[in-house]
Amino acid sequence: MVPHMQNHTLFLMSQSFTKVRDSNFELLRIVAILMVLILHADFFSLEGPSVSDIMSDLPGSSMRILIQALTISAVDIFVMISGYYGIRHSKRGIFNFLFQTFFYLIIVYVVCIACGLSKLNITGIKELFMLTSSNWFLKSYILLYIIAPVLNAFVSNANKRQFKFILIAYYAFILIWGWLFPASTDYIAGGYSPVFFVWLYLLARYIRLYSFRLNQLTFATATIFYIATALFVLLACISTCYIGRNAVYGYILLQYISPTTVAAAMLLIIATSKVHISSKLINRLAASSFAVYLVYVNPNLLTPYRNLFCDLYHTYSDLMYWLIVLGLVAIMYVAIAVIDTVRIYLWKRIELTGLNNENR
């Protein structure tokens, strides 16, 4: 029997939709968002350390590579949480998703224009409707949401052996033509695509539904393996730098579709499943995780975000920089969670109005 698929998708955060909210996975949502913000303060803002950077400052470069390795699985985790619980279609669900999306796309754009960070132009208006190359994650997730019933039907009708074969064959395809030879395709895009999201969704369903050796790990063991995976990536990056001299070939492991990134995401999902907590505060903060994402990856704020952390990095020492980063991302999250109270209130009013209209 396939367990009842809860309405627990990645973005549909309204408490009205999910009757039971597992605070352990809600906490993982929060952690994953913080990981995204840290990612943007690392390689995205500063770029990966070059060979000369590593040669001249091995401790500082190693710290940056390790932090990237510890956080690169954030996007994979987001999608896998959706797959772990299963996406169920609902009219309210998609309206909530769209309301949150356009609420923050519009608000951030207006604020940036008022502050002189952006201009009112055609490109800005197109970005409001996700008609540019930005907001790739939102568009990939929308397509995943659309085809989720097809994926759920496969999960319900396939046996374990069939499911396992599809997972292995699908990932082998991604590894060969998307990771080892990325120039051979343009639709896998290093994991920046719904093609990869589909596989992550199915992988998480498999973890939830079937028993296998890896998901028998305890919380402590899974966490240790997660840290060990990041250390392995660090070692690979440093060693290939000294061996190759011309490039840091180990950076191939710091991609969404990399086996080490997928392994890290799996290990955090498994570790989280071993913890059972209940917290209204965690659930409330997690309800604003999508809002935090929408604000800080908004194309109008990416450049100021990058400039902020570049300035901080060149002002403070390595350790002090990362302490400041941790403090700032935590403050950023809480600040948006407070502001998001307005959006939550408005959505509840819209929900209430819609219910009243339906009952007439």
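At 18 Å minimum axial length over the Cα atoms and a Kyte-Doolittle cut of -0.5, report the qualifying DSSP H helices in the chain, or say none.
Sorted by number, the helices that extend far enough and score high enough are 23-40, 58-71, 91-114, 136-157, 160-174, 194-209, 219-244, 259-273, 299-313, 318-359.
Give me the number: length gained by fully extending Arg284 to His89, i.e. 0.36 nm times residue separation minus the C-alpha to C-alpha distance, one decimal in nm.
67.9 nm
Taking R0 as 41 Å, what's the FRET efficiency between Ser133 and Leu352 from their Cβ-Cβ distance, rounded to 0.05?
0.65
Can you list the aspartates and glutamates whose alpha carbon is less than 18 Å from that of Lys139, not counting same-chain residues fewer than 8 positions off?
Hits, sequence-local ones excluded: Asp76, Glu127, Asp186.
Order 153-165, 254-266 from most to least packed using the mean count of other Cβ atoms within 10 Å.
254-266, 153-165
Mind pulling the per residue volume of the convex hull built on the Cα atoms of the chain? Å³ is fine.
160 Å³
Expressed as a rounded percentage, what relative contact order does the range 217-360 have, with Cα pairs under 8 Å and six or more residues apart?
21 percent
Between Lys274 and Lys164, what's the calculated FRET efficiency when r is the beta-carbon distance and R0 is 22 Å? Round to 0.05.
Efficiency, from the Cβ-Cβ distance: 0.45.
In terms of Cα to Cα distance under 24 Å, which lysines are near enough to Lys164, apart from those fewer than 8 places away along the same chain?
Lys274
I'd like to compare 298-306, 28-36, 74-82: which one has the highest average count of other Cβ atoms within 10 Å, and what's the full order after that?
Descending mean neighbour count gives 74-82, 28-36, 298-306.
Go ahead and run the numbers for FRET between Thr123 and Val31, Cβ-Cβ distance against an R0 of 25 Å, rounding to 0.05.
My answer for the efficiency is 0.15.
Cα to Cα, under 14 Å, and not fewer than 8 places away if on the same chain: which aspartates and glutamates meet these conditions relative to Lys91?
The qualifying aspartates and glutamates are Glu351, Glu358.
Counting Lys and Arg as +1 and Asp and Glu as -1, each charge on the Cβ, what is the dipole of the range 23-359 about the Cα centre in debye, to the nearest 20?
Roughly 1160 debye for the range 23-359.
Below 8 Å between Cα atoms, with a sequence gap of 6+, how large is the relative contact order for the chain in percent?
Relative contact order comes out at 30 percent.
Choose one of Cys310, Leu326, Leu98: the residue whose Cα lies farthest towards the positive end of the charge dipole of the chain (beta-carbon charges +1 Lys, Arg; -1 Asp, Glu; about the Cα centre).
Selected residue: Leu98.
Laboratory data are not the source of any read-out in this text; all were calculated from the coordinates shown. Being a predicted model, the structure only gives us computed values, none of them experimental. Glycine gets a Cβ as well: all are built from the backbone with ideal geometry, and neighbour counts include every protein chain shown.
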